[in-house]
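These notes concern the structure reproduced below.
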Amino acid sequence: MKVIVGFFTTKPGKRDEYLAAAQNHLQKSRLDPDCLYIELLPMPDRPDTIMLGEAFTSEEAHRRHEDTDHMRELWDVGPRLLSHVVIDNVIAQSVEHIDERFP
């Protein structure tokens with residue numbers, strides 16, 4: 001499994017424009033059976049920041065995802081709308097799911 005978490009900082013006032021530009025990419029990515037999760041979440045207390053969360057079945061699946069027209073289209077708008085991107089990748093053969101309940 002591959003999990004990606006990141007933070008995108010948009011140029012001032014460009015967050016909504018970037019989120020709109022990402023809609024086609026998100027919709028097409030969600031159709032990929034190897035894409036377990038993908039979301040861009042605006043941070044309510046940071047008006048120019050978006051959190052990225054993605055999960056794919058494998059590193060190979062994510063590499064295929066990166067080599068799509070819709071991914072290239074989204075990266076093309078980056079220089080115009082983004083000022084900084086930080087991404088962490090976690091690759092594991094297995095992922096432990098912990099589900100604890102508290103009274």
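None of the figures in this text is laboratory data; all of them are computed from the coordinates on show. What you are looking at is a predicted structure, and each value in this text was computed from that prediction instead of being measured.
Relative to the current alpha-carbon distance between His84 and Gln23, full extension at 0.36 nm per residue lengthens the span by 20.0 nm.
Have a look at Thr57, Thr68, Thr49 and tell me which one the Gaussian network model of the chain (Cα, springs below 10 Å) gives the largest fluctuation. Maximum among the listed residues: Thr68. Taking 0.36 nm per residue of sequence separation and removing the Cα-Cα distance, the His70/Val5 pair yields an extension gain of 21.5 nm. Of all lysines in the structure, the ones whose alpha carbon falls short of 22 Å from that of Lys28, not counting any fewer than 8 places away in one chain, are Lys2. Listed by chain and number, the aspartates and glutamates whose alpha-carbon sits under 20 Å from that of Lys14, ignoring those within fewer than 8 places in the same chain, are Glu39, Asp45, Asp48, Glu73, Asp76.
For the chain, what value does the Rg/Rh ratio take when both radii are computed over Cα atoms and Rh is the Kirkwood radius, given to two decimals? Kindly include the intermediate steps, with their values, before the conclusion.
Details: Rg = 14.7 Å, Rh = 14.6 Å.
Using only Cα positions, Rg/Rh for the chain is 1.01.
Report the relative contact order of the chain, percent, no decimals, based on alpha-carbon pairs under 8 angstrom and at least 6 residues apart. Could the numbers behind the result be given before it?
Working: 161 pairs, mean separation 45.5, N = 103.
Worked out over the chain, it gives 44 percent.
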